[in-house]
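**Student:** Let me begin by handing over the structure; questions about it come next.
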Amino acid sequence: MMAVQQTLMALNGDEAVAYAVKQCDVDFVAAFPITPQTIIVEKFSEFVANGEVNTEFIRVESEHSALSACIGASAAGARAFTATAANGLQLMNEICYIASSLRLPIVMAIVNRAPSGPINIHTDHSDSMNVRDAGWIQLYTEDAQEAYDTIIQAFKIGERHDVLLPVMVMLDGFLISHTLQNVYLLPDEVVREFLGGPRKPPKIKLLGREVELSLKTLAMGQPVPVTMGPLDLWDYYFEHKRQQFEAFENARKAIEEVNEEYAKISGRKYGNGRIQTFWTEDADIIIACMGSTAGTVRHVIRELRKEGEKIGLVRIRSFRPFPYQDLAEVLPRAKAVAVLDRSVDMGAQGAPLFVEIRSALYDCDERPMVFDYIYGLGGRDMPVDLVKAMIKDVKEAMREKRPPFIKKYWGVRE
């Protein structure tokens with residue numbers, strides 16, 4: 001299929017997410033407001049009130065309840081969505097593990113915001129990093145257009161019968177969520193065709209009969225009792241977790257395939273779906289980062305390339321599953337890798353992205369020096385001058401052969 005004609009609208013990131021959810025024939029939305037996510041569900045509630053969608057929208061008393069309600073709906077076979085940020089995601093923590101363990105392909109937009117305390121409403125990645133091992137696919141976006149595109153892709157990835165995992169789609173608070181941008185929207189019918197219509201739960205064998213994996217299961221027109229989430233002790237728990245591990249391996253391929261398929265209808269492609277590279281082929285220094293900062297880094301690279309500097313960029317789009325194989329192919333070409341982490345792991349050798357990248361390079365024959373720059377906590381800016389200063393610091397460290405595992409807090413007042 002060739003890329004189709006699209007509608008251009010000026011939208012902020014939250015509105016772009018709401019439009020994507022509108023087009024995905026979502027059956028159920030439950031949400032509780034929290035800045036800077038609130039615009040998503042406010043906008044979607046307008047679609048519900050205007051009769052533009054056939055969605056059951058419920059307002060609940062907390063984020064814990066919002067995700068719990070989505071679990072009930074998804075277990076009954078519905079396509080479910082919610083959104084949150086920071087402290088709201090922390091309140092959902094228990095339920096995040098339940099959603100993934102029940103293999104429910106819920107999609108949740110996370111508008112990244114620093115968790116309290118002290119109270120802060122601006123962006124960093126500490127909230128989503130807090131649940132990085134909760135069994136959800138995690139996709140980080142760079143701008144409003146990608147947030148729109150990735151929500152649509154997320155439903156298709158999560159609902160694949162070889163995956164069946166919930167998906168978080170991250171967008172930086174205020175920097176993406178509240179910033180107006182030109183966004184190209186696909187026609188409604190094209191999105192529906194891309195998703196294959198309403199959600200179709202897989203078939204399973206139960207008591208000798210083939211039935212749908214949902215609480216509304218019927219066989220020969222008769223209801224079949226199904227239990228989801230029963231007591232699962234040492235005799236089966238390990239085996240069920242192993243199935244989740246395998247689903248994440250399947251998700252690597254699914255992310256790439258859905259990214260390719262989406263490019264055919266939209267004309268937009270995000271690397272191989274897991275990582276996106278920029279001028280890495282001959283780079284002496286490669287910067288690795290996630291989220292909106294990639295745009296600033298790309299601008300700096302264009303400037304420095306004109307001056308003969310060999311700098312490249314790897315933007316990690318899929319943090320879970322982590323693209324360690326992709327990075328092991330790209331990063332060893334460079335002499336040094338500067339990792340930009342917008343979160344910190346208290347007491348660890350480095351912040352989360354740095355630790356993952358260092359591990360990915362461990363078995364490589366050629367290993368570049370890897371430096372960890374923790375930046376932007378609580379929404380602090382990462383301007384062009386600060387990126388250039390970081391590159392200068394990397395070059396000085398390479399000349400002096402400084403130990404690369406020393407953490408640097410970049411842009412902080414010491």
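**Student:** Which one of VAL314, VAL355 is without any contact (Cβ under 8 Å) to a residue 12 or more places away in the chain and in contact with an Asp or Glu (Cβ under 9 Å, 6 or more places away or on another chain)?
**Tutor:** Details: VAL314 fails: without any contact (Cβ under 8 Å) to a residue 12 or more places away in the chain.
Being without any contact (Cβ under 8 Å) to a residue 12 or more places away in the chain and in contact with an Asp or Glu (Cβ under 9 Å, 6 or more places away or on another chain) holds for just one of VAL314, VAL355, which is VAL355.
**Student:** Quick one: is TYR262 modelled with pLDDT of 95 or more, surrounded by 12 or more Cβ atoms within 10 Å (Cβ to Cβ) and in contact with a helix residue (DSSP H, G or I) (Cβ under 6 Å, 6 or more places away or on another chain)?
**Tutor:** yes
**Student:** Applying the selection to the stretch 61-88, what residues are touching a Pro at 6+ places or on another chain (Cβ under 8 Å) and more than 20 Å from LEU195 (Cβ to Cβ)? Break it down into steps so the answer makes sense when it comes.
**Tutor:** Let us first name the residues in the stretch 61-88 that are touching a Pro at 6+ places or on another chain (Cβ under 8 Å), namely 74, 77, 79, 85-87.
Hits for the stretch 61-88 are ALA85, ALA86, ASN87.
**Student:** Which residues, taken from the stretch 111-134, are open to solvent by 10 Å² or more (accessible area, probe 1.4 Å) and more than 15 Å from ASN87 (Cβ to Cβ)?
**Tutor:** Within the stretch 111-134, ARG132, ASP133 meet the criteria.
**Student:** Would you be able to tell me the number of residues in the stretch 378-402 that are modelled with pLDDT of 95 or more and assigned to a loop (DSSP other than H, G, I, E, B)?
**Tutor:** 4
**Student:** Among the residues of the stretch 359-377, are any open to solvent by less than 10 Å² (accessible area, probe 1.4 Å), touching a residue at least 40 places away in the same chain (Cβ under 8 Å) and either out of contact with any Leu (no Cβ under 8 Å at 6 or more places or on another chain) or assigned to a loop (DSSP other than H, G, I, E, B) (or both)?
**Tutor:** Scanning the stretch 359-377 turns up at least one residue that is open to solvent by less than 10 Å² (accessible area, probe 1.4 Å), touching a residue at least 40 places away in the same chain (Cβ under 8 Å) and either out of contact with any Leu (no Cβ under 8 Å at 6 or more places or on another chain) or assigned to a loop (DSSP other than H, G, I, E, B) (or both).
**Student:** Separate question: For residues that are in a helix (DSSP H, G or I) and touching a helix residue (DSSP H, G or I) at 6+ places or on another chain (Cβ under 7 Å), scanning just the stretch 193-205, find the one that is surrounded by the fewest Cβ atoms within 10 Å (Cβ to Cβ).
**Tutor:** Applying the filter and picking the extreme gives LEU195.
**Student:** Checking the conditions here, which among VAL183, VAL226, VAL190 is open to solvent by less than 60 Å² (accessible area, probe 1.4 Å) and assigned to a helix (DSSP H, G or I)? It would help to see each step written out before you state the result.
**Tutor:** Working: VAL183 fails: assigned to a helix (DSSP H, G or I); VAL226 fails: assigned to a helix (DSSP H, G or I).
So the residue among VAL183, VAL226, VAL190 that is open to solvent by less than 60 Å² (accessible area, probe 1.4 Å) and assigned to a helix (DSSP H, G or I) is VAL190.
**Student:** Next up: For GLU94, indicate whether it is among the acidic types (Asp, Glu), outside any loop (DSSP other than H, G, I, E, B) and over 23 Å from GLY13 (Cα atoms).
**Tutor:** yes
**Student:** It is to be established whether one or more residues within the stretch 169-183 are over 21 Å from LYS269 (Cβ atoms), within 26 Å of the chain's Cα centre (by Cα) and free of Cβ contacts under 8 Å to residues at least 60 places away in the same chain.
**Tutor:** No; the residues of the stretch 169-183 include none that is over 21 Å from LYS269 (Cβ atoms), within 26 Å of the chain's Cα centre (by Cα) and free of Cβ contacts under 8 Å to residues at least 60 places away in the same chain.
The values are calculated or read from the model by the stated rules, or taken from the named source; none is laboratory data. A quick note: this is a predicted structure, and the numbers were derived from the prediction, not measured. Please note: Cβ atoms are built from the backbone with ideal geometry, for glycine as well, and neighbour counts cover all protein chains shown. Note: areas computed on protein heavy atoms with side chains; ligands, DNA, RNA excluded. Shrake-Rupley method; radii C 1.70, N 1.55, O 1.52, S 1.80 Å.
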